[in-house]
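A single structure is presented below for examination.
The values are calculated or read from the model by the stated rules, or taken from the named source; none is laboratory data. Keep in mind that this is a model prediction, so the values were computed, not measured. Note: ideal-geometry Cβ built from the backbone for every residue, glycine included; neighbour counts use all protein chains shown. Surface accessibility is based on the protein's heavy atoms, side chains included, excluding ligands, DNA and RNA. Shrake-Rupley method; radii C 1.70, N 1.55, O 1.52, S 1.80 Å.
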2 protein chains.
Amino acid sequence: MPAERSLDHAARRRRLRADQARQLADLLRHQILSGAFPTGVLPLEHTLAADYRASRNTVRQALDLLRGERLVERQPGVGTVVVAEKYPHGLDRLQGLAETLHEHGTVTNEVRTVGPVPAPAPVAHRLGLPEHTDVLYIERLRRLGGLPLSLDLTYIPLDIGSALLGCDLENTDVFRLLEQQTGQPLGHAEITLEAVNADAHSAAVLQAPRGAAVLMLERLTHLGDGRPVDLEFIRFRGDRITMSGLLRRSL
Amino acid sequence: MPAERSLDHAARRRRLRADQARQLADLLRHQILSGAFPTGVLPLEHTLAADYRASRNTVRQALDLLRGERLVERQPGVGTVVVAEKYPHGLDRLQGLAETLHEHGTVTNEVRTVGPVPAPAPVAHRLGLPEHTDVLYIERLRRLGGLPLSLDLTYIPLDIGSALLGCDLENTDVFRLLEQQTGQPLGHAEITLEAVNADAHSAAVLQAPRGAAVLMLERLTHLGDGRPVDLEFIRFRGDRITMSGLLRRSL
């Protein structure tokens, strides 16, 4: 059955090329994110092919993958240029956004909603409050260099939160305000990270395509004395943030 | 201009409802992932509406968001049921997949590729090897309970890696094999997490829809003596994994 065999062969070749393109794309993604192309222009296709011992077709397919992630674009007469900048959010220490990104620019917050709401059961439970106690709810669209970075939904017990109503929420991390208001440092936070596809409305708010990959961070932050004071649900645009940290084998 | 004003009003109402649906969806997502619905069936819409002081329309829209994330489905005669199970991958300690998920089932690995390849420059550089030195390349599709969980691309220096060729890669974490082969515990790893949309080929391998959100983990693991021994690029299906950990304010 030579026809069938050659079909098999073609399918295997396509799979092999797709696998090699993914390998190459992962290496180039790392190079892009770590600033290995300071001019913002990637080497020419034939240079990449030689450097990575890959075929031109594999190189093209790898660049297609990175274009699909909105990391690069092809510019006529220039080549493949880096168009996205992803910012490194630290995973080693509990920090607010402005704090962790201070080297990369200024974080500004558009306060979409702020005010007391009755705490739904899961919020009350996690903040250690009786059900339906009022809590301060804050919804902020956070920008770095003017571009949307994250959409943050925040719940804070009202005895602490009410003082935040008069504060400069547009330009200050909630973490900093909590420490100012309570006069004590924050202690720790339990975090959960997920990758989700942005629903239409969240995508529109974040100025990202519908279905864009979002890095979702849920974080319950405690004061130094252990009291839970800040429950947040944060949607980071996947094309604008990375989370970096160090893990150890033994604790 | 009453027509324009009423349009404004309608647009504001839609935005408000979309915002409230997101709030509710985030709370329900947490409940679902933390096992708050042990029967696997969510409360009825009117119960949720009462519990969360939301309108029925907001509840429906919130459930739509969770359906969009493939967390729940509507089953006629039953209601809204949980269909996804997300597994918690620890972010506090450096662990292999089988190790971190041992309470949740058995991890099996389909080895798609294994063998020596000349290390591309960024791989050689990060593993502290001369360029184009051969390294062991392993590509595995990892399953939990038979369902694809992640696609892992791994580079290991050949002096350590060659011994892995005779090992049971189908059923054993590479971390465990590295510790067995080198006779020393692993030390630490630098990790980077991103959310990306799966390209068509990766989606097909992971049996996820094209464009599905993927949690991408890049990890460079070092032996206890500091030597880098394992560079990995891991694509986790976003609908099957969460990363959880604890952050502290002061180091």
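On average, how much accessible surface per residue is there in the stretch B:123-179, in Å², for a 1.4 Å probe, leaving out ligands, DNA and RNA?
34
Still on this structure: By how many degrees, between 0 and 90 and to the nearest 10, does the Cα long axis of helix A:56-68 differ from the longest principal axis of chain A?
That works out to roughly 20 degrees.
Distances from residue A:227 to the same position in the other copies: list them in nm, one decimal, shortest first, using label points 7 Å from Cα along Cα→Cβ.
5.3
Now a separate question. With a 1.4 Å probe on protein heavy atoms only, work out how much accessible surface B and A bury together, total over both chains, in Å² to the nearest 100.
6600
What's the longest bit of chain A with no exposed GluC sites (Glu not before Pro), using DSSP loop states and at most 14 other Cβ atoms within 10 Å as the test?
So the longest stretch without any such site is A:1-102.
If you don't mind, there's one more thing I want to ask. If one takes the longest principal axis of the Cα atoms in chain A, at what angle in degrees, from 0 to 90 and to the nearest 10, does the Cα axis of helix A:2-33 lie?
On a 0 to 90 degree scale, this one is about 50.
Within 10 Å of each candidate Cβ there may be at most 13 other Cβ atoms; applying that plus a DSSP loop requirement, which trypsin sites (Lys or Arg not before Pro) in the stretch B:17-95 survive?
Passing sites in the stretch B:17-95 are B:53, B:93.
What value, in deg cm²/dmol to 500, does the helix sum -39500 (n - 2.57) over DSSP H runs of n ≥ 4 give at 222 nm once divided by the residues of chain A?
For chain A, the value works out to -9500 deg cm²/dmol.
Another question about this same structure. Could you tell me the center-to-center distance, by alpha carbons, between the stretch B:113-172 and the stretch B:56-87 in angstrom?
What the calculation gives is 39 Å, centre to centre.
Taking each label point as 7 Å beyond Cα in the direction of the beta carbon, state the distances from residue A:47 to the same residue in the other copies, shortest first, in nm.
When each copy's label point is compared with this one, the spacings are 6.3 nm.
Same structure again: Running a GNM on chain B with Cα contacts under 10 Å, which residue among B:153, B:141, B:165 ends up with the highest mean-square fluctuation?
Highest fluctuation of the listed residues: B:165.
Further, regarding this structure: Under a GNM of chain B (C-alpha, springs under 10 Å), which listed residue has the highest mean-square fluctuation: B:221, B:100, B:39?
B:39
Shortest first and in nm to one decimal, what separations exist between residue B:99 and its copies in the other chains, measuring from label points 7 Å along the Cα-to-beta-carbon line?
3.0
Determine how large the accessible area of residue B:229 is when every protein chain is in place; take a 1.4 Å probe and give Å² rounded to the nearest 10.
0
Over the protein assembly as shown, with every protein chain in place, what whole percent of the accessible area is carbon and sulfur at 1.4 Å, could you tell me?
Of all accessible area on the protein assembly as shown, carbon and sulfur atoms account for 51 percent.
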